Structure formats: C-alpha cells, structure tokens
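J.: This is the structure, below, for whatever I ask next.
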Amino acid sequence: MSKKEEKITMIREFSEAKAPSGFEDEALEVSRKYAEGLGEMEEDHIRNLYIRRKGNSGKPMMMMDAHGDEVGFMVHSIRPNGTIRFHNIGGWNPASLPSSKVLVRNAEGKYIQGIIASKPVHFMKDGDKGRTLEISDLSIDIGSSSKEETEKSYKIRVGEPIVPMTDFSYDEEHDVFMGKAFDDRIGVAAMIETLKRLDGEELALDVTAVVSSQEEVGSRGAKVAVNNVKPDVAICFEGCPA
C-alpha cells in the first residue's frame, strides 16, 4: 500500500467511525490505532485523548487540537406506531434532514438502518404547507409497526445515539472525498499526520496533541484540555462547513 493509499484508508476509518458528542468511543479507537508509537497516550474523564509527543522535556508547550466527535442525534422516545422521536446532538438544519438515511444503535450495540420521515403532503393541512420544519416534526422509521416491536424486536432504547448513514468514497480522478464527519475527523487525521512528520525531529518546544470531545455541544472537551495541558500556544485543526 502506498503512502497516499495509507492516508486515504486512515481518512476513511475516521469518517466511518460512529461517534456523536458524548459517544466518542469509535473515534478514539481509530485515533489510538494511528497514533501508536508517536507518544504517550492518556484519556481523561470527559473522553479527551492526549498524545504527548516522544521527546517532550519541559520546553514551552504547543497544544494541537482536533475534536473527535460529530453532530448526530439521540433517541428521545418511541411513538405508538413504532417510529422514533429524536433530539439533535449539535447543530443541524432541520430542512435538510427528511429522507436522510441514519443508523440507530440498539441495546446490543448493533446499528439499525432507518430513514428520517416528515409528514407526507397528503396529510398536511393548509397551515402545515410552507411552515419551517422543526426537529420535533420529524421521525425515524426503521420498519417497525409498533412501539413494542421497536423496543423488543429492534431493542431500541431511549438515549441511544444516532448517526448519519453515508457511504465513504474517493474519486481518484478529481481527488475528491465524499463521506460524513469530515468536521472534524479530517482535522484529526491531519493532526496525526503532523505528529508523524514531526517524529524524530529536534524541536524548540514540546508538543501535546488532543483529540477533544464534545465540541459540537459547546467545545466542552477543549476547555478541559487547555486547563490540563496549559499550553503556551495552540493550533486547532478543523474541517470546514459543508
């Protein structure tokens, strides 16, 4: 596998990790895999992952930060007809959500396919037409026909995370990626690549990289990380809006 193919594989694994804010497990698993050998790794109680570069020796500290979480959803409740009400985790434009495919985690840790549904035009009253959609107007349909089936057959519980279902692809001709969670997994990949390029280099400062948690709900992890690392300077790696 070429170096370019290795980087594409890393970006793919980061993109495909299912890790909305507060559920960063899969993103941290991929981070640990690709940061192995680059320094000492430690995780705190808010799920920040610290990677302290080999060779740190008390020099001025530079912190690199990229958040490992993504926007997603959480199961709010289950309607009598088996569809799922949900809360957003992070900022979403509700108008973009109808017909989007999602994956809903169940009690066994498996992800169940679903699709976000809104009221069909056939059932709309005059007051519904043209009205701005709210998250509360939407439901997730997993193919269940009752609350009991959703809970007992599909094993869906209140509080379970939900993520977009998007196939990762790479167009080699145009050098273009398609996938989910580039905000900010592309930043995490770039940060780890930076650590690799710095490996063995003599630097005038120490480096700690942080895969921070819960950025999409208020940069909570970064606030904790800054107080733990106490950097003299920080560089944030971030994916652009799409």
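J.: Using θ = phi - 60° and the Karplus form 6.51 cos²θ - 1.76 cosθ + 1.60, what ³J(HN,Hα) does each residue of the range 148-157 get, whole Hz, x for Gly and Pro?
T.: Once rounded to whole Hz, the list reads 4, 5, 4, 7, 9, 7, 8, 6, 8, 10.
J.: Another question, if that's okay. Only Cα pairs under 8 Å and at least 6 apart count here; give the relative contact order of the range 3-63 as a rounded whole percent.
T.: It comes to 20 percent, rounded to a whole number.
J.: Under a cut-off of 21 Å between alpha-carbon atoms, report the lysines in cross-link reach of residue 119, not counting same-chain residues fewer than 8 places apart.
T.: Straight-line reach from residue 119, under 21 Å: 101, 129, 147.
J.: Treating only the Cβ of Lys, Arg, Asp and Glu as charged (+1, +1, -1, -1), what charge dipole size does the range 130-242 show about its Cα centre? Round to the nearest 20 debye.
T.: With Lys and Arg at +1 and Asp and Glu at -1, about 660 debye.
J.: Can you tell me, using C-alpha contacts under 8 Å and at least 6 residues apart, the relative contact order of the range 37-149 as a whole percent?
T.: Contact order relative to length: 24 percent.
J.: Whole-Hz ³J(HN,Hα) for each residue in the range 78-93, computed from phi via Karplus 6.51 cos²θ - 1.76 cosθ + 1.60 with θ = phi - 60°, x for glycine and proline: what do you get?
T.: Per-residue couplings from phi come out as 10, 6, x, 7, x, 6, 10, 7, 9, 9, 7, 10, x, x, 10, 8 Hz.
J.: Report which label in (1) 46; (2) 39; (3) 59 holds the value of percent of Cα pairs over 26 Å apart derived from the coordinates of this structure.
T.: (1)
J.: Using a 1.4 angstrom probe with every protein chain in place, what is the largest-first accessible-area order of 67, 174?
T.: Of 67, 174, the descending order of accessible area is 174, 67.
J.: Sticking with this structure for a sec: Restricting to Cα pairs below 8 Å that are 6+ residues apart, what does the relative contact order work out to for the chain? Please round to a whole percent.
T.: 33 percent
J.: Taking only protein heavy atoms into account and a 1.4 Å probe, give the accessible area per residue of the chain in Å².
T.: Roughly 54 Å² per residue, with all protein chains present.
J.: Near the amide H of residue 234, under 5 Å away, which other amide H atoms are found, from residues 5 or more places off or on another chain, if H is placed in the peptide plane?
T.: 63
J.: Whole-Hz Karplus ³J(HN,Hα) for the range 32-43, in order, using 6.51 cos²θ - 1.76 cosθ + 1.60 and θ = phi - 60°, x for Gly and Pro?
T.: 4, 4, 8, 9, 4, x, 8, x, 7, 10, 8, 10
J.: Once the dipole of the range 84-200 is set up with Lys and Arg at +1 and Asp and Glu at -1 on Cβ about the Cα centre, which of 153, 138, 106 lies farthest towards its positive end?
T.: So the residue we want is 153.
J.: Below 14 angstrom from the Cβ of residue 154, what's the summed charge of the other residues (Lys, Arg +1; Asp, Glu -1)?
T.: So the environment of residue 154 carries a net charge of +1.
J.: With label points built 7 Å along Cα→Cβ from the Cα atoms of residue 196 and residue 36, find their separation and express it in nm.
T.: 1.4 nm
The values are calculated or read from the model by the stated rules, or taken from the named source; none is laboratory data. Just so we're clear, the structure is a prediction, and the values are computed from it rather than from any experiment. Note that we place each Cβ from the backbone using ideal geometry, even for glycine, and neighbour counts take in every protein chain shown. Accessible surface areas use protein heavy atoms only, side chains included; no ligands, DNA or RNA. Shrake-Rupley method; radii C 1.70, N 1.55, O 1.52, S 1.80 Å.
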